[in-house]
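A.B. asks: Once you've had a glance at the structure underneath, I'll fire off some questions.
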Amino acid sequence: MARIEERMAALFWLDDEAWSVIEPLMPRNQPGARRVDDRRVISGILHVLRSGSRWRDCPSEYGPYTTVDNRFNRRSRRGIWQAVYQTLVERGEIGATVALDTTSVKAPRSATGAQKKSRKIRRLAYHGAVARGSCT
């Protein structure tokens, strides 16, 4: 039982004050299957974004990870998160300036724009080195 309580303490949950500000900005009466609690799912979204983990690693306490991921992506495409941000800035709830710490932004190795080296060039260089070594 202590392990479950320890894990619950490490999770991020929106408090009542934060939820009272965000709740009116969330879309209502969306078509589809029975909805998982918005507060729980948004807490899961914030947990993943804050921790930098993969959506697949989202703790089950927030609901199915596919729900958390899908809800984040759908609302991103519809511009809902931008609208929430703008509303919170206008109300003075948060500052208008946001800074990203580059240590928390993940990028693939190819993000530097470097092209892959040709295997043929490496192979030729290797054979040249071996040929030179056999002369001695």
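The values are calculated or read from the model by the stated rules, or taken from the named source; none is laboratory data. None of these values were measured; they are calculated from a predicted model. Backbone-built Cβ (ideal geometry, glycine too); neighbour counts: all protein chains shown.
A.B. asks: Would you mention how many residues in region 29-63 are closer than 15 Å to Leu11 by Cα and surrounded by 12 or more Cβ atoms within 10 Å (Cβ to Cβ)?
C.D. replies: Qualifying residue count for the region: 19.
A.B. asks: What's the number of the only condition in (1) exposed (fewer than 11 other Cβ atoms within 10 Å of the Cβ); (2) modelled with pLDDT under 85 that Glu93 fails to meet?
C.D. replies: Failing condition for Glu93: (1).
A.B. asks: Taking region 46-68 only, how many residues are more than 19 Å from Arg34 (Cβ to Cβ) and part of a helix (DSSP H, G or I)?
C.D. replies: Qualifying residue count for the region: 9.
A.B. asks: A follow-up question, please. If you go through region 21-35 one residue at a time, how many are under 16 Å from Val89 (Cα atoms) and over 24 Å from the mean Cα position of the chain (by Cα)?
C.D. replies: 0
A.B. asks: Select, from Leu124, Leu88, Leu100, the only residue that is at pLDDT below 85 and closer than 30 Å to Ala33 by Cα.
C.D. replies: The unique qualifying residue is Leu88.
A.B. asks: Using beta carbons and a limit of 7 Å, which pairs, at least six apart or on different chains, have the first residue in region 29-43 and under 18 Å from Trp55 (Cβ atoms) and the second one outside any helix (DSSP H, G or I)?
C.D. replies: Here the result reads Val36/Gly63; Asp38/Met26; Arg40/Gly63; Val41/Gly63; Ile42/Leu14; Ser43/Phe12; Ser43/Trp13; Ser43/Leu14, each pair linking region 29-43 to a residue that is outside any helix (DSSP H, G or I).
A.B. asks: Right, Trp19: among the hydrophobic types (A, V, I, L, M, F, W, C), surrounded by 15 or more Cβ atoms within 10 Å (Cβ to Cβ) and modelled with pLDDT under 90 or not?
C.D. replies: Taking the combined requirement at face value, the residue satisfies it.
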